[in-house]
Structures are given as C-alpha cells and as structure tokens.
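K.L.:
Here it is, the structure in full.
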Amino acid sequence: MSTLDLGALGWNAGFAAKLDPGLEPGRVAAVHRGAIDVHTASGLVRTGLPGRMFHDGTDLAVGDWVGLADGVVRTVLPRRSALVRNAAGRATSTQTLAANVDVAFVVSSLGPDLEPRRLERYLVTIWSSGAEPELVLTKADRLDDPWPLVAEVEAVAPGVPVHVVSALTGQGCDRLRARIEPGRTAILLGSSGVGKSTLVNRFAGAELMDTGETREDDDEGRHTTSHRELMLLPGGGIVIDTPGLRELQLSDTAAGFDETFADVDELAASCRFSDCAHEAEPGCAVLAAVEAGTLAPDRLASWRKLQRELLAIAMRTDHLLRKEETRKWRLLSREARARTRPR
C-alpha cells in the first residue's frame, strides 16, 4: 500500500511533539454533518468524533491536526493559527473557518464587487489568526486599466502583497501559485463568484471544484463550493477552498485591528494626548493627516466603525468592561447636563 508523506500536508516536529504515543496523526480535509474526512499516511479516511467529544462541543475545523485510534478521532492537536469569525446576531459565539493556515488569500474581482472597506474586515480577522494575509484581485482581463482600482486596494492594506490575476489569460497566476510552497497551507476567502474555485482548478491542473457563472451587474455568483475542503496540490502545497462569505462578523481581534490600521496607529503616536480619540482633540495628528489629505476620511471612518464593533463584542463577554463603559457614559451625561444647566 502506498503511503503519503505527512510532511507534504504540513506535518512537522512541533505537531509531532504534541501527539500522544500510540495515536496516528491525520489532517482534517473536510467536516460534514456527522462525518469527518481526514488525510492520513495511508490515505483519506472518513471517520467521526466519539460521543464524548461530540457532546462536549469539541471545536474541529478543516486544517486541524488530529490523533486517531481505531479509526476514530481521539484528540485535536493545539493549533498554530486559526481563522475565527463571530456568528451573526447578538449572541457571542464563534466559528473556526480553518486551522493551521500559513497564508490567507482574500480574493475579490476587479469590478463592482471590489469594496475596500470589506477587505479591511478580512485583514483584521487574518492578522489576528496567526496567518499572513495577501490580496488577490481576479478577472484582470475585463479591464483595460485595472491599476486605479489596485491603488485603492493598496491604500487600505499597507505592506500587504497584492496580486493582480486573470485565470482566463493566466496573468499573475504562476506568481500566485509560487506563494503556496510545499508544506505550506493557503486558504482562499471571499464572496461567491470572485473566482476562488477557478484558481484552485488552475493550480491543480484539473477540474477539482465546480465553478459557476456570475451576474455581470454586481459580480455575485451562486455558491458552487458548498463546504470548506483541504486539498494537496500537484508539485506540493496545500490549499483550502471555501464557500462564498456573505458577511464576515469580527471576533475579539484587537491584535489584528492594530495590524490592519498600522498607518493610523503610526500617526496616533504623534498626537498631543496619549488617549486621543481622534474626534476633535487639539494636537491630533490623525485629524491633521486627514486635513492635509495624507489620510483618507473613509479610512478614519472605517477605523472608528470597526473599533466600535470590537468594543461591543468585548463588552458582551467582559462584565467589568461593560461596567466601566456604563460609568463613562453616566459621567459624560452628568457633565453635559451641568453645561446646559441655567446659571
């Protein structure tokens, strides 16, 4: 029986040191309702979680390394990285999109789907995950001059590589494929119809994933990929294709927020007051940059919006933070009433 080199799937000494003796290592390729596909040295096996792990709500995601015994998952190894999003709604519950990812490609097409503010949300999530973000702008063949749109994207992603590609003509595809080196894991994230599955098929040299047509007016497509799936590419490298994400709710990702808005943070270091909120304070370097035209107003507005969103998420889980915010608002209300009281 032929065996698979687990190193090609990303197995290394760090994971090996955390595997209990007697367990067989495997990497989760797909999670289905009631079943799990796992790559092992002997091939792809379909298995499941024992009742105890299932009822305990064990968090298992595509890309996880697991230990198996008797063909059943017995343990999930600690992750090196994890892409996590909040579930929609007021309840604070999270969903792990993928684990042990090295590079996350945020895929968006050059056209009406391109929205820099949406890209910022992806970057916050990826930076906080432990993976490295890269942006992929597809369907370059549809525009005579894509570079003004590329410049808009680069402005919201300082220091992040931006790839301009066309699966139709092959532009930029070889350079992008080279970023998925043997043993490294990449994930493709983005809306439906932006070309994620088409890129996977091109990398694989075969029709591994179904693809569908998109609407020309808004570039949206149907969900041709129905579940997240990890695949080993010919020539080495691992890729995870994902269904289109209609929205990306942030989780508690303060570290990723700072990385995403490093340009704002750098300006804030020159503000007169260390606790400057960049609203109307004297000596605010951030507002000065907006006034001078070196920082886009939309960029600052997005910084404020996502910061408020992260604060709301933190307050749901931290009762002390909730109490402190309530105290601040009461103090501000008293001060406002005192200013307006007749003298």
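Here, each number is a calculation from the coordinates, and none is a lab measurement. What you are looking at is a predicted structure, and each value in this text was computed from that prediction instead of being measured. Note that we place each Cβ from the backbone using ideal geometry, even for glycine, and neighbour counts take in every protein chain shown.
K.L.:
Given a Förster distance of 56 Å, report the FRET efficiency between residue 174 and residue 20 from their Cβ-Cβ distance, rounded to the nearest 0.05.
P.N.:
Details: r = 42 Å, r/R0 = 0.74.
E between residue 174 and residue 20, to the nearest 0.05, is 0.85.
K.L.:
By average Cβ neighbour count within 10 Å, what is the ranking of 10-17, 286-293 from highest down?
P.N.:
Values: 10-17: 13.9, 286-293: 15.4.
Ranked from most to least packed, the peptides come out as 286-293, 10-17.
K.L.:
How much length is gained if the chain between residue 288 and residue 143 is pulled fully straight, taking 0.36 nm per residue apart and subtracting their Cα-Cα distance, in nm to one decimal?
P.N.:
Working: separation 145, 0.36 × 145 = 52.20 nm, distance 3.57 nm.
Net length gain for the segment: 48.6 nm.
K.L.:
Between residue 33 and residue 307, what is the spin-label point distance in nm, taking each point 7 Å from the Cα along the Cα→C-beta axis?
P.N.:
Placing both labels 7 Å beyond Cα along the Cβ direction yields 4.3 nm.
K.L.:
If the chain between residue 95 and residue 266 were fully stretched, how many nm would it gain, using 0.36 nm times the residue separation less the Cα-Cα distance? Kindly include the intermediate steps, with their values, before the conclusion.
P.N.:
Numbers: separation 171, 0.36 × 171 = 61.56 nm, distance 3.17 nm.
Between residue 95 and residue 266, full extension yields an extra 58.4 nm.
K.L.:
According to a simple spin-label model (label point 7 Å from Cα along Cα-to-Cβ), what is the distance in nm between residue 151 and residue 298?
P.N.:
Simple spin-label model gives 1.4 nm for this pair.
K.L.:
Using a 7 Å offset from the Cα along the Cα-to-Cβ direction at both residue 245 and residue 273, what is the distance between the two label points in nm, to one decimal?
P.N.:
Modelled inter-label distance: 3.5 nm.
K.L.:
Further question on the same structure: Given H placed 1.01 Å from N in the peptide plane, which residues other than close sequence neighbours of residue 75 have an amide H under 5 Å from its amide H?
P.N.:
67
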